[in-house]
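One structure is given below, encoded as structure tokens.
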Amino acid sequence: MKANILKLRLGTRKSPLAMAQAHEARARLCKAHGWDESAIELVPVVASGDKVQDRPLAEIGGKALWTKELDGWLAEGRIDASVHSMKDVETIRPDFLAIAAILPRADVRDVLLGADSIAAIPHGARIGTSAPRRAAQMLHNRPDCSIVSFRGNVATRMARLEAGEADVTLLAAAGLERLGQSSAGAPIPLDQWLPAPAQGAIGIECRADDTQTREWLAAIDHAPSHDAVMAERALLEALGGNCHSPIAVLTSVEDGELAMQAAIFSADGAERVAGEARFAPGDGYGPQGLAADLLLRASPAVKALFGIG
């Protein structure tokens with residue numbers, strides 16, 4: 001089939017960051033297969049999560065609000081594949097879908113806007129975030145601060161910070177980089193602050209029975225990133241984590257093994273339970289064992305955030 005008549009329909013959310021990620025996916029596919037850019041059509045879809053931005057995600061339906069429209073379009077055959085920020089994708093996915101590719105993972109760190117470091121945040125500052133992990137981790141480090149609800153895309157949150165609705169907020173370094181704003185804010189060192197599961201990773205899903213699309217997408221799958229992301233998703237599943245659960249995790253590839261550091265928190269950040277594990281790529285027992293250890297050592301207040309007790 002000639003490249004100039006090929007048409008792969010790639011679905012994406014309509015936000016600027018989602019569109020930037022879709023453009024990256026298209027560029028990688030075209031380079032891998034020698035296709036012209038016109039061979040891939042980007043199909044923007046307005047997600048439910050983009051329509052409601054005045055309440056925390058956990059209150060209005062959780063991560064499914066980022067994926068359900070794209071899932072529906074895949075089911076109906078209106079698109080061939082969909083591009084996601086993997087940290088926004090539910091742990092349990094419909095059986096008819098397959099995560100066919102994970103692109104090379106970008107910077108996994110969080111970035112502070114409004115202060116140069118955690119220590120430099122003014123006493124009693126208002127921290128703008130709607131993420132339980134960021135809220136709990138910040139309160140663990142800075143119990144003098146308070147949390148104010150802060151949702152919206154990158155531009156919206158930066159504008160709300162500028163308008164004085166909070167003193168400090170946090171954004172993903174990868175998102176800022178993809179939007180050409182990597183100089184904004186101060187990245188938090190990973191030895192001080194762990195990221196969200198699958199942060200910085202772009203994933204592409206397609207129908208599980210679509211052999212041709214899966215073959216095309218396999219060409220841009222980055223195995224080390226895929227292994228790390230799937231391990232972090234396995235940890236999430238084993239913990240029973242949801243949008244209310246403060247979970248932080250960092251996975252690196254070392255000598256052919258995955259080295260995972262993880263922490264779970266109480267909602268107020270007062271309690272932090274941390275652990276580490278090493279295991280082979282694809283070994284689901286490694287994340288499961290770490291999850292069991294974290295929950296075993298957690299207090300009833302923390303366990304309640306994971307549906308236990």
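The values are calculated or read from the model by the stated rules, or taken from the named source; none is laboratory data. All of these numbers come straight from a predicted model, not from anything done at the bench. Note that each Cβ is placed from the backbone with ideal geometry, even for glycine, and that neighbours are counted across all protein chains shown.
Residues in the range 150-168 that are touching a residue at least 60 places away in the same chain (Cβ under 8 Å) and touching an Asp or Glu at 6+ places or on another chain (Cβ under 8 Å): ARG151, ASN153.
When you check ARG78 against the structure, is it among the basic types (Lys, Arg), over 22 Å from the mean Cα position of the chain (by Cα) and in a loop (DSSP other than H, G, I, E, B), yes or no? Yes: the conditions hold for ARG78.
Total residues in the range 271-309 satisfying the condition of being under 21 Å from GLN137 (Cα atoms) and assigned to a strand (DSSP E or B): the figure is 6.
Hey, does the range 237-251 have a residue that's in contact with a helix residue (DSSP H, G or I) (Cβ under 9 Å, 6 or more places away or on another chain), small (Gly, Ala, Ser) and modelled with pLDDT of 95 or more? Yes, some residue in the range 237-251 is in contact with a helix residue (DSSP H, G or I) (Cβ under 9 Å, 6 or more places away or on another chain), small (Gly, Ala, Ser) and modelled with pLDDT of 95 or more. Filtering the range 183-210 to residues that are closer than 22 Å to ARG13 by Cβ, among the aliphatic types (A, V, I, L, M) and in contact with a Ser or Thr (Cβ under 9 Å, 6 or more places away or on another chain) leaves ALA198, ALA201, ILE202, ILE204. Given the structure, is ARG214 in contact with a Ser or Thr (Cβ under 6 Å, 6 or more places away or on another chain), more than 30 Å from ALA119 (Cβ to Cβ) and buried (at least 17 other Cβ atoms within 10 Å of the Cβ)? Criteria not met by ARG214. Against the test of being assigned by TED's automatic domain parsing to the domain that holds ALA98 and either closer than 28 Å to GLU254 by Cα or among the charged types (D, E, K, R) (or both), the options ASP144, ASP210 yield a single qualifying residue, ASP210. Would you say SER130 is buried (at least 19 other Cβ atoms within 10 Å of the Cβ), hydroxyl-bearing (Ser, Thr, Tyr) and more than 29 Å from ARG28 (Cα to Cα)? Yes: the conditions hold for SER130.
Evaluated against (1) over 15 Å from HIS222 (Cβ atoms); (2) modelled with pLDDT of 95 or more, ARG93 falls short on exactly one condition, (2).
Condition first: at pLDDT 95 or above, assigned by TED's automatic domain parsing to the domain that holds THR12, touching a Ser or Thr at 6+ places or on another chain (Cβ under 6 Å) and in a loop (DSSP other than H, G, I, E, B). Can you find one or more residues in the range 81-88 that meet it? Scanning the range 81-88 turns up no residue that is at pLDDT 95 or above, assigned by TED's automatic domain parsing to the domain that holds THR12, touching a Ser or Thr at 6+ places or on another chain (Cβ under 6 Å) and in a loop (DSSP other than H, G, I, E, B). Pairing each residue of the range 271-293 that is at negative phi with any residue that is assigned to a strand (DSSP E or B) and acidic (Asp, Glu), provided the two are 6+ apart or on different chains, yields C-beta distances under 7 Å for ARG278/GLU257; PHE279/GLU257; ALA280/GLU257. Within the range 161-178, being hydrophobic (A, V, I, L, M, F, W, C) and buried (at least 17 other Cβ atoms within 10 Å of the Cβ) holds for LEU161, ALA166, VAL168, LEU170, LEU171, ALA172, ALA173, ALA174, LEU176. Here ASP268 passes the criteria (1) touching a strand residue (DSSP E or B) at 6+ places or on another chain (Cβ under 9 Å); (2) of a type in the set (Asp, Glu); (3) closer than 24 Å to HIS140 by Cα; (4) outside any helix (DSSP H, G or I) except the one numbered (1). Of the residues that sit in the range 81-113 and are more than 18 Å from the chain's Cα centre (by Cα) and in contact (Cβ under 8 Å) with a residue 60 or more places away in the chain, which one is surrounded by the most Cβ atoms within 10 Å (Cβ to Cβ)? The residue in question is ALA81. Any residue at all in the range 110-123 that's at pLDDT below 95, over 30 Å from CYS30 (Cα atoms) and outside the structural domain of SER245 (by TED's automatic domain parsing)? No; the residues of the range 110-123 include none that is at pLDDT below 95, over 30 Å from CYS30 (Cα atoms) and outside the structural domain of SER245 (by TED's automatic domain parsing).
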